[in-house]
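Let me begin by presenting the structure, written as structure tokens, before commenting on it.
The values are calculated or read from the model by the stated rules, or taken from the named source; none is laboratory data. Since we're looking at a predicted model, the values are computed, not measured. FYI the Cβ positions are ideal-geometry reconstructions off the backbone, even for glycines, and counts take in every protein chain you see.
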Amino acid sequence: STRIPSPGAKMVTFGELLYLPAVGAIILLMTALSAALTAPDPVLGPYAEERFGLNPAQIGLLFSSCTIAYALLSPVIGEIGGRFGNFKVLVAGLVAAAAAFIVLGPSPWIPQRLLPRSASLLFVGMGLSGVGDSTLTCGAAAMLQAALSAGHETEEVADTVAGLLSVSWTLGALVGPLMGATLVERFGFPRAMSLTSVGLLAIAALGSCAHATSRPATTAARARRQRLLGIRASDEPLDAEAPAAPAAASALPAYEPPAVPGVASASLAEELGATVPAAASASRLERPRPRLPPLPRATAVRGPHDLAEALLDPVADGSDDET
């Protein structure tokens with residue numbers, strides 16, 4: 001459907017966007033993903049060194065595995081989001097991050113024969129975490145789509161959406177390390193990673209429910225905005241066909257040029273069953289042209305005396321005619 005842009009569009013505030021449940025759900029998911037990306041930062045290095053004896057170079061490569069997976073999927077994750085839905089891909093990324101923390105522990109709730117503790121499992125978990133975090137790029141498109149569905153325009157919400165994305169990312173980056181360090185100190189690394197996974201799954205379920213129930217609120221907000229702008233609630237395309245001409249205008253007779261003397265009218269000839277001669281139809285009325293007086297002959301002027309005679313002759317002729 002095509003919306004009519006409002007003249008003099010003004011920027012939408014943070015409160016107006018946060019009033020939409022869909023936008024709140026997206027901010028919640030993006031904050032959780034940002035926290036999941038930064039939660040292992042203060043605890044993974046010491047755990048890998050103490051448990052598996054990894055040196056600093058190997059620990060650096062361990063963290064780089066997450067970044068490599070993130071960089072490889074970021075160029076194509078936008079196309080995946082456009083095909084399957086940006087919000088759905090964002091939820092799938094959060095589920096992938098939750099699975100990464102199960103593997104990263106590994107979780108004590110899973111039998112050790114299925115997930116044996118090894119250094120290679122740390123690399124797999126960090127790579128899976130990068131896969132989940134790459135879906136953060138779908139958050140901007142999902143939030144913009146939610147704002148447009150509420151009746152806002154792109155130029156009104158672009159700056160506000162960018163600000164909310166920055167807030168959610170910064171908030172998650174702030175909460176993640178604090179949460180990871182606190183949980184590891186309280187429960188130990190494997191159990192802390194499992195609790196983080198449970199929390200991510202709970203946030204994914206909560207965000208999905210909030211987004212699913214946001215459609216009636218989005219429709220109501222869009223209708224309210226359209227009433228304020230004087231736009232009808234029913235979306236009509238801008239390229240709709242023009243209304244039909246009134247019956248009175250369509251019933252007007254066709255224009256016929258006035259008859260010219262000497263030229264037969266085509267409609268009259270058809271009524272009389274005659275044929276209009278080609279010569280008569282091609283002829284046109286000739287108007288008399290005004291006859292101009294003949295131009296005086298140019299005389300050669302040989303000197304001042306001859307020039308005076310040429311100028312005085314018309315005056316003499318006029319005086320003779322008067323007499």
Only residues that are loosely packed, with under 14 Cβ neighbours inside 10 Å and either among the charged types (D, E, K, R) or within 20 Å of Leu195 (Cβ to Cβ) (or both): list them for the range 64-104, please. Glu79, Arg83
Output the number of residues of the range 211-224 satisfying the condition of being surrounded by fewer than 17 Cβ atoms within 10 Å (Cβ to Cβ) and either modelled with pLDDT under 55 or not polar (S, T, N, Q) (or both). 8
When you check Leu238 against the structure, is it at pLDDT 55 or above and surrounded by fewer than 18 Cβ atoms within 10 Å (Cβ to Cβ), yes or no? no
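Among the residues of the range 99-143, write down those that are polar (S, T, N, Q) and in a helix (DSSP H, G or I).
From the range 99-143, those polar (S, T, N, Q) are 107, 112, 118, 120, 129, 134-135, 137; that's our starting set.
Once the filter is applied, which keeps residues that are polar (S, T, N, Q) and in a helix (DSSP H, G or I), the range 99-143 yields Ser120, Ser129, Ser134, Thr135, Thr137.
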Any chance the range 33-49 includes a residue that's within 27 Å of the chain's Cα centre (by Cα), assigned to a helix (DSSP H, G or I) and at pLDDT 90 or above? yes
Any idea which residue in the range 105-137 is farthest from the chain's Cα centre (by Cα), counting only those that are hydrophobic (A, V, I, L, M, F, W, C), crowded, with 20+ Cβ neighbours inside 10 Å and modelled with pLDDT of 90 or more? Leu122
Could you go through the range 144-160 and let me know if any residue there is under 21 Å from Val76 (Cα atoms), under 22 Å from the mean Cα position of the chain (by Cα) and surrounded by 14 or more Cβ atoms within 10 Å (Cβ to Cβ). yes
